[in-house]
Structure formats: C-alpha cells, structure tokens
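So the structure is just underneath, and the comments pick up after that.
The values are calculated or read from the model by the stated rules, or taken from the named source; none is laboratory data. As the structure is a computational prediction, the values presented were derived from the model and not from experiment. Positions of Cβ are generated from backbone atoms using ideal geometry, with glycine treated the same way; all protein chains shown enter the neighbour counts.
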C-alpha cells in the first residue's frame, strides 16, 4: 500500500512538472520574441509573437510586439491590425495604450491612411499628456497632409520638449522628405547652438554637420570624438570621406571600425560602398557576404540593395534582376527597388539589343530649381525642352525643386537627387539637363550622384 501511494505521489509531481514545463516553454517563446525584436530579427520575432498570441501569453503585449515586427518588415496593414487587436484586449494599462496608439498612428502614416493617423494623434492629445514623441508624430502626419502650419507648430513643441541632436535630425529628415530642406535646416542650426560637453556630443554634432553637408566641420567634430574612443564617429567619418569622394580614407575608417567592434554589418556595408565607388565590384560583393551574417533587418536591407547595385555595375543584369526580385519579396514597400526592377527588366528583355539602346540614348530629364515663387518654372522648362529637342534629345520627364537657393554642391538637394535617380531608371533616361548654369563642381558632383550625363543651359 505504501509503495502504491509513493507511485501516485510521484505521478502527481511529474504531472505538475510537465505542466510547469509547458507553461515555461510558452513564456520562453515570448521572451525570445522580445530579444529578437530588440536585435532587429523581425521575421523571427513576428513568428514568435504570433505563437504567443495563439498560446494566450500576454495578449496585448504579444499583439503589440507582432505589430512592431510587421511595421519594421514593411507590412503596414498587418501592423495596423495587430495594434488594433492589442487595443481591444482586456486590462491594457494607460501607458501601454498610449504606446500602442503611437505605433498604430505610425503604421497608418506609413500606409498612407493619413486621416486615421491624425485621428489617433488627436486621441493621444485628448487622453494623454503630450510629450516630444507625440508632438513629433503629429507634426509628421500633418506634414503628410500638407498642413504646414500645424506641422510647424507641432515640430516646435517637439523640439521644445526634447532639444537634442536626434530630434533636430528627425525633424530635418521629415522636412527633407517634403523637399522643404530649408525648414528642416533651421533645427540643425539650433542643435549646433550649444557647445559639446563630451565625445558623444562631438559625434552628434559631426552627424548634424554631415546632414548640412558641411564636411569640414563634420570631420573636425568627429575626429575629436574618435580621440575619446567613440566608435560611432568612425562610421560617420567614413560617410563624410565617401561624400567627398575620398575613398581611401573612407575605407580606412570602416576598417578601423571593424577592428574596434568586430565583424559589423555597418562596417562591411561601408567597405562595399567604397568598393562600388572605386569600381571593384567583386570586392564589394565579398564585403556584402561578410556583413550579412551579423546584420539586423535594416542593415540587411542596405546590404542586399547594394548587392543588386554591384551586380548591375558588373553588367550582370540577369543576376541583378534575380536579386532585386528576391529583395522585393523581403521588402515589398521599397519603391526604389521596384524602379530598379523595371530598369533591369529593360536590360534583360529580348528588346534590349543595340538598336534599343540607340533608341533611348538621348532621353533626358529636365531639372529646375524654383527659388522665387514669382518665377514661371513650368514655362522655363518648356523652353528648355524645346532646346533639348532641337539638339536631338527626347524629354522623358521633368522635376522642379522649391529651394531658397540652388544647392552649392549638387544644384538640387539629397532628397531630390534620389527622386531623379528613380525617375532615370523608371523612364529609361540616361541624362539630365539643368535649367541653370552649373559650376564645374556642381556638374561633377551631380554626375557622380546620378551616374549619368549632366548638362546645363550652356551645353
């Protein structure tokens, strides 16, 4: 009888342990999801959060995590749905509700649902105390809706709450996306009004100067940061040198960074960019391969896009097309990649023979900078188009940038350069004509950035 009782007790204990182990395993999956999310492994994090949702582990937090992972993967509709489910869960604390609303507004903004995003921003303002992040988000949504005064007001509030270099840069980038560089530059200038206190301040100031394309001061600040072993400054120095077409010094910075921190996706990506700039495409591909194993999702995206570029530069259009199709499956929201795919298809189609290339040889894009609102830029470009036609070129498209003045280095700003690049690919154009006389430096810089023939009114 004693023996039987012992067996029963052991059985009961074993059952408890099994149940406890099952619960523990579910908790481990949830905890691992958090780790993967923080490390940028969004695909794995999403799968793990979905498992946690099915297992009923912290539903609100799991839906939130799934939403963030979907957001980072560019699955904006899925993100909105996950955040909505999170908000509908029981026992959502006030602080968590605010956090989820902010994320949902961000996903709605990304998916083009501006009115829904603004509605969530208004809820944030009505139900919670506004902070720098809330003001900034509301400003971004207002800017997307072309409500410029509301955007400016919210950005001012955001910077008032958080007058850091990071906030200044974020506001600058928001304005840059709308071709309102001058409005954003004011915040960069404001950030520089205070003196550096430590190595990180020097690094941040260098980053601000880099965005302002003041490379001389950027180098000065970043070199000061490196004296105090700030490794981030090495990366930024690499970017500064590369912007100045100083490939050798850029390479040295990226190598020094890898030496300091170990194998780094950012470091290898920088080396790949240097290799592409110098025409060593095989070396670029090798560095990309080295960087991928340690890459977070955003780093992987950059590496894989540069891989496509390297194959294109090698004139291996078939491989580049395969790579870009794989890339788009992973990052479906990348419009630049879709334009690249369209371009590569023209190079791999049966029509892409010598006759075809001759046909598109003189397709150009007209570029104008409107600094005076009284100028009739459309009329000016019409005239420029007639001149281009007389010279035997076909006008494929036109772009106008509103700026206080032409960019001293590249005629147009960074954001607009990217737009022109995309248009060149999309329209099979291989040249641009600027509606002003360019300096030799402007022409050279623009040719380097656009990788095509650049002409001006004097050509």
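Here are a few things to note about the model shown:
- Index of the failed condition, residue 153 passing every other in (1) closer than 24 Å to residue 213 by Cα; (2) surrounded by fewer than 17 Cβ atoms within 10 Å (Cβ to Cβ): (1)
- Residue within segment 156-178 that is at positive phi and not assigned by TED's automatic domain parsing to the domain that holds residue 420 present: no
- Breaking point among (1) more than 26 Å from the chain's Cα centre (by Cα); (2) within 24 Å of residue 242 (Cα to Cα), for residue 425: (1)
- Scanning segment 134-147 for residues that are in a helix (DSSP H, G or I) and in contact (Cβ under 8 Å) with a residue 24 or more places away in the chain returns 134, 135, 136, 137, 139, 140, 141, 142, 143, 144.
- Number of positions in segment 39-68 that are closer than 20 Å to residue 92 by Cα and under 22 Å from the mean Cα position of the chain (by Cα): 4
- Scanning segment 314-346 for residues that are surrounded by fewer than 15 Cβ atoms within 10 Å (Cβ to Cβ), within 19 Å of the chain's Cα centre (by Cα) and not in a helix (DSSP H, G or I) yields 332, 333.
- Qualifying residue in segment 82-95 (condition: touching a residue at least 60 places away in the same chain (Cβ under 8 Å), under 25 Å from residue 330 (Cα atoms) and part of a helix (DSSP H, G or I)): no
- One residue alone among 38, 52 is surrounded by fewer than 17 Cβ atoms within 10 Å (Cβ to Cβ) and either in contact with a helix residue (DSSP H, G or I) (Cβ under 9 Å, 6 or more places away or on another chain) or at pLDDT 95 or above (or both), and that residue is 38.
- Considering residues of segment 197-213 that are in contact (Cβ under 8 Å) with a residue 12 or more places away in the chain and part of a loop (DSSP other than H, G, I, E, B) only, the residue surrounded by the most Cβ atoms within 10 Å (Cβ to Cβ): 212
- Summed over segment 161-196, residues that are at pLDDT below 90, surrounded by fewer than 16 Cβ atoms within 10 Å (Cβ to Cβ) and outside any helix (DSSP H, G or I) total 2.
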